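Everything below concerns the one structure shown next.
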Amino acid sequence: MEKIVIKGGTPLNGTVQVSGAKNSALPLLFATLLADGESKICNVPALRDINTAVKLLRELGAEVASQDGRYRINTKKIQSIQAPYDLVKTMRASVLVLGPLLARFGQARVSLPGGCAIGARPINLHLKGLEALGARIHIDHGYIEATADKLRGAKISFDLPTVGGTENLLMAAALAEGETVLENAAREPEIVQLADALNSMGARIEGAGTAIIHIQGVSRLNPLECQVIPDRIEAGTFMIAAAITGGHVLVRGAVREDQQALISKLIEAGADIQPEADGLRVIGPKNVTSVDIRTSVFPGFPTDMQAQFMALMTVAGGTSRISETVFENRFMHVCELQRMGADIQIDGHSAIIRGTDQMTGAPVMATDLRASASLILAGLASENTTEVARIYHLDRGYEKIEEKLAALGADIWREQE
Ligand code: EPZ
């Protein structure tokens with residue numbers, strides 16, 4: 001296994017290019033199953049999760065070719081409707097094949113994803129929505145067995161604005177008979193891109209990005225052609241890297257409208273953030289100010305930025321309270337940050353962080369994707385050496401992060417454990 005080694009203390013300077021968004025590329029890849037033909041998707045990031053999604057598409061019978069982030073997916077010869085356990089347990093987003101397979105083939109057999117490090121993450125709202133469209137669903141030996149003669153439009157009100165649930169139902173409803181209304185839908189930028197992509201295939205979707213989405217079903221869809229939007233979580237991670245090292249970085253591809261909650265909190269923490277034509281310029285403060293955050297669904301402060309922001313608060317001058325309201329177990333990075341000298345107390349779904357200037361490097365272990373990023377950020381701000389083990393977690397969602405940080409002046413490299 002590999003680890004990443006960081007000798008901290010260097011302010012980062014320069015320009016970094018954000019890659020395509022993992023959480024947009026994944027639903028787009030699965031949306032190709034809705035059409036019979038060759039789809040083209042570019043600016044796909046080189047990540048482990050993308051490799052898993054490609055494995056699953058090939059398992060179903062699709063032909064997938066790629067070069068430099070440009071993907072061609074031919075779904076003419078789909079001969080399986082099963083998403084096997086070994087792939088779904090590797091990447092929960094595999095459940096996003098449910099909607100497309102049901103809509104196009106009238107059946108799907110998808111392994112239940114099971115829990116993960118950050119929480120139980122049930123998919124009950126996905127299944128309830130698909131049943132509302134007329135699917136018959138039962139669980140058998142750990143698999144979701146779903147069938148539908150023909151999906152019919154319905155009014156679906158989500159108990160909570162689930163990102164994956166909204167995506168599965170958008171894809172299923174696109175080919176259902178009649179109108180579907182999704183209420184309390186997720187509003188993330190990735191939902192907007194998926195709806196735009198489906199409309200470019202011939203779907204009739206209105207209201208994506210708001211809490212109420214209307215979908216008029218159509219009889220067939222054409223193959224997809226699109227470019228993945230920049231990854232707002234990768235962008236936010238680099239913005240915090242600039243802030244935590246007191247550096248000066250242009251984050252190319254960062255989209256201000258997608259980062260408002262993070263931007264206002266970084267400004268409160270003392271960073272200077274200047275929008276530019278091709279991104280956001282971040283100038284880190286000499287002294288970081290403690291700030292309270294409370295994660296919530298978009299457009300609130302993103303749960304996927306909570307661990308990274310906590311790293312910033314460990315070096316702030318004061319006390320901050322971070323409340324995680326989306327997932328029930330997303331503080332796995334706390335004990336690793338404590339090994340580096342952080343003063344953090346967990347109080348239920350909140351963490352109280354007393355900033356210190358005594359953060360020191362240490363051998364630490366990644367536990368999940370965003371926790372790994374948090375440890376890298378803390379390492380950048382710590383004296384002497386930090387070694388982050390189990391970085392396969394990191395490679396799920398960050399493309400060559402150590403190379404991008406090294407290009408900004410960080411003393412960071414990857415080596416065998
Ligand atoms: C997506 O996960 C993202 N993953 C996650 O990013 C992100 O943290 C999450 O949205 C929230 O923004 C992808 O897009 C591939 P949810 P998803 O359904 O769709 C509960 C990362 O780091 N829930 O909005 O699984 C669930 O337990 C990853 O890139 C139900 O109870 O998130 C959770 O508490 C991590 N029943 C909350 O809703 C359901 O049927 C949010 O889940 C569905 C969800």
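The values are calculated or read from the model by the stated rules, or taken from the named source; none is laboratory data. Everything numeric in this text was worked out from a predicted model, so none of it was measured. Methodologically, a virtual Cβ is constructed for each residue, glycine included, from the backbone with ideal geometry; neighbour enumeration extends over all protein chains shown. Each accessible area value is taken on the protein alone, full model and side chains, heavy atoms only, with ligands, DNA and RNA left out. Shrake-Rupley method; radii C 1.70, N 1.55, O 1.52, S 1.80 Å.
Solvent-accessible area of the chain (1.4 angstrom probe, protein heavy atoms only): carbon and sulfur portion equals 47 percent. Once divided by 2.2 N^0.38 Å, the Cα radius of gyration of the chain becomes 0.98.
Calculated [222 nm] ellipticity per residue, helices only, for the chain: -9000 deg cm²/dmol; basis is -39500 (n - 2.57) per DSSP H run with n ≥ 4, divided by all residues, nearest 500.
Charge dipole of the chain (Cα centre as origin; +1 on each Lys and Arg Cβ, -1 on each Asp and Glu Cβ, all else neutral): 580 debye, rounded to the nearest 20.
Annotation: per residue accessible area for region 345-417 equals 41 Å², rounded to a whole number [probe 1.4 Å, protein chains only]. At a probe radius of 1.4 angstrom, the accessible area of region 12-53 per residue rounds to 25 square angstrom. In this structure region 109-210 gives 39 Å² per residue of accessible area when probed at 1.4 Å with all protein chains present.
At q = 0.14, 0.26 Å⁻¹ the log10 of I(q)/I(0) for region 89-167 amounts to -0.43, -1.43, computed by Debye summation with a single uniform scatterer per C-alpha, solvent ignored. Note on exposure: S374, S219, S66 ranked by accessible area (1.4 Å probe, complete protein assembly) read S219, S66, S374, with the most exposed listed first. Expressed as a fraction of 2.2 N^0.38 Å, the value expected for a compact globular protein of N residues, the C-alpha radius of gyration of region 301-395 is 0.97. On a 0 to 90° scale, report how tilted helix 189-200 is relative to the longest principal axis of the chain, with both axes built from alpha carbons and the result rounded to the nearest 10. So the helix axis and the longest Cα principal axis differ by about 30 degrees. For region 312-368, relative contact order (Cα pairs under 8 Å, six or more residues apart, normalised by length) works out to 46 percent. Each part gets one Cα centre, and for region 41-102 versus region 1-24 those centres are 26 Å apart.
Test of the criteria: in region 193-298, which trypsin sites (Lys or Arg not before Pro) are in a DSSP loop and have at most 15 other Cβ atoms within 10 angstrom of their Cβ? Of the trypsin sites (Lys or Arg not before Pro), the ones in loops of region 193-298 whose Cβ has at most 15 other Cβ atoms within 10 Å are R220, K286. Dipole orientation for the chain: of the candidates H138, V228, I412, H138 has the Cα lying most toward the positive pole (charges on Cβ; Lys, Arg +1; Asp, Glu -1). For region 5-98, applying the loop criterion from DSSP together with a ceiling of 14 other beta carbons within 10 Å to the trypsin sites (Lys or Arg not before Pro) yields K76, K77.
When the chain is described by a simple charge dipole with +1 on each Lys and Arg Cβ and -1 on each Asp and Glu Cβ, the residue from Q338, A208, S372 located farthest towards its positive end is A208. Positive end of the dipole of region 46-198 (Cβ unit charges, origin at the Cα centre): among L56, P189, Q107, the Cα lying farthest that way belongs to L56.
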